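A quick write-up on the structure given underneath.
Every number here is computed from the coordinates shown, using simple stated rules; none is lab data. These numbers come from a predicted model, not from an experiment.
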Amino acid sequence: MVKLLQEDHIKVSDIDISRGGETYTIDTIRKLILDKKNQYIWVMGSDLLPQFEKWEGYKEIISSIEILIFPRPDYPIKNIGKSIKILPKNHLLTVNYSSTVIRQRIAKGLSIKGLVPEKVEEYINKKHLYSLNKMYV
C-alpha cells in the first residue's frame, strides 16, 4: 500500500521484510546509509518519542541519519535534540488519524474519504481490506 505513494524522489524499501526475523530500526539505518548516492530521512510520529530512548541503538540513530518528527494528537513534542526536525502542523503527514483509527472506521462501515490519500483509499476498497468483504467509500 505504501508503494502507491512513491514519487520520483521518494522510494519505498522492503529491506526489513527481505531481511526477515527480528528487525531493529538501527539495523535498517545501518544498511540504508551504506548507499552513499542517496539521502535518507527517518520520519516518525511524535507518539513514538516517549519510548525512543529505549530503542536499540537510539544514540546511533540520532547521529547517523536526519530525523523528522510529525506531530500526533495527545503526544507533545518536548526535550528533543537540536538535530531532530519537526514537521509543521499544517503538513499532510500531521493528519489526526492513526492507522488504527482508519482500520476501526472501515470495520464499522464509516467513510475514510479525506483521511487517507485517494490512491490508498481505492486500494483498500478494491482489496476489501479491514472489512468483511464490503466496500466503504
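For the stretch 17-39 and the stretch 40-78, what is the centre-to-centre distance using only Cα atoms, to the nearest Å?
Using only Cα atoms to place each centre, the spacing works out to 16 Å.
Among the listed pairs LYS11/LYS119; LYS11/LYS31; LYS11/LYS113; LYS11/LYS37; LYS85/LYS113; LYS59/LYS82, give every one whose C-alpha distance is greater than 19 Å.
The pairs that break the limit, which is 19 Å between Cα atoms, are LYS11/LYS113; LYS85/LYS113.
Quick one: compute the contact order of the stretch 2-91, relative version, from alpha carbon pairs under 8 angstrom and 6+ residues apart, as a percent.
That works out to 24 percent.
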